[in-house]
Amino acid sequence: QKEVEQDPGPLSVPEGAIVSLNCTYSNSAFQYFMWYRQYSRKGPELLMYTYSSGNKEDGRFTAQVDKSSKYISLFIRDSQPSDSATYLCAMRMTSGTYKYIFGTGTRLKVLA
Amino acid sequence: GAGVSQSPSNKVTEKGKDVELRCDPISGHTALYWYRQSLGQGLEFLIYFQGNSAPDKSGLPSDRFSAERTGGSVSTLTIQRTQQEDSAVYLCASSPRLAGQETQYFGPGTRLLVL
């Protein structure tokens, strides 16, 4: 079993829809949670970063962490065709290591 | 300012040959990572350099893989005796490693194809 599981998709939604992307993980020591966006043939770029549990909002994006369920989510409101990309979750344990474990990524397609 | 750059962009090689992939991190970034991205596999951690500390090599898949970072800046990932399963996109990332700063800045990657 992988430490971080993520549905690869693809996920197709109409423009304006609310998108929910998720990852589950098995290591309860993970404390730092990130979402990256990767456009085709580009390197990933950081979207959201959350420490421990809770919610974080940035514009149309909301990140949620539920440590009791070992489940993290990224919500995209009012999705746009420009949001079409692969979304990767990443996480790491507390201080002592800066090794990040990434999910496989979910391909999202927002249809105009 | 300039981002992370990687060279070459694409590399086609024959099975059994050695290849060197280069990463130029953002100036002043003390942390440097190498990842491998294969279809459907996500980003696989390979190695991590932090300042003058010993690198974390725990992700290197075999002893055919090695990496060095000279002068705390440029890094080279070397794959010896390449195999077809080494075909993937190799991504480099750097980070300033400041308190509360988790961002990794990725380069565009090197696409390696082993025939």
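Throughout, read-outs are computed from the coordinates displayed, never taken from laboratory work. All figures in this text were calculated on a predicted structure; none of them were measured in a lab. Virtual Cβ from ideal backbone geometry, glycine too; neighbours counted across all protein chains shown.
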Exercise. In vacuo Debye scattering of the protein assembly as shown, one point per C-alpha: log10 I(q)/I(0) at q = 0.12, 0.13, 0.14, 0.17 Å⁻¹?
Worked result: -0.66, -0.77, -0.89, -1.26
Seminar exercise, completed: Counting only DSSP loop positions in the stretch B:1-93, the trypsin sites (Lys or Arg not before Pro) whose Cβ has at most 16 other Cβ atoms within 10 Å are B:15, B:17, B:57, B:64, B:81
Problem set entry | Taking chain A and dividing mean pair separation by its residue count, relative contact order in percent (alpha carbons under 8 Å, at least six apart) | 37
For this session: Give the Cα extents of chain B along the principal axes, in whole Å, largest first.
Result: 43, 27, 26
Exercise. How far is the Cα center of the stretch B:21-38 from the Cα center of the stretch A:13-79, in Å?
Worked result: 23
Exercise. Taking only the alpha carbons of the stretch A:12-56, what extent do you get along each of the three principal axes, in Å, biggest first?
Worked result: 35, 25, 20
Exercise. Spin-label point model (7 Å from Cα, Cβ direction): what's the residue A:29 to residue A:41 distance in nm?
Worked result: 4.0
For this session: Would you work out the charge dipole size for the stretch A:1-104 about its Cα centre, treating the Cβ of every Lys and Arg as +1 and the Cβ of every Asp and Glu as -1, and quote it to the nearest 20 debye?
Result: 320
Exercise. Quick one: longest stretch of chain A between exposed loop trypsin sites (Lys or Arg not before Pro), exposed meaning at most 15 other C-beta atoms within 10 Å and loop per DSSP?
Worked result: A:3-40
For this session: Quote the relative contact order of the stretch B:5-109 in percent (integer), defining contacts as alpha-carbon pairs under 8 Å separated by 6+ residues.
Result: 35
For this session: List the pair-distance distribution P(r) of the stretch A:14-112, using every Cα-Cα distance, as the percent of pairs falling in each 5 Å bin from 0 up to the bin containing the longest distance, rounded to whole percents.
Result: 3, 13, 25, 25, 18, 10, 5, 1, 0, 0
For this session: Could you point to the residue in A:89, A:21, A:74 farthest towards the positive end of the stretch A:4-107's charge dipole, with +1 and -1 charges on the Cβ of Lys/Arg and Asp/Glu respectively?
Result: A:89
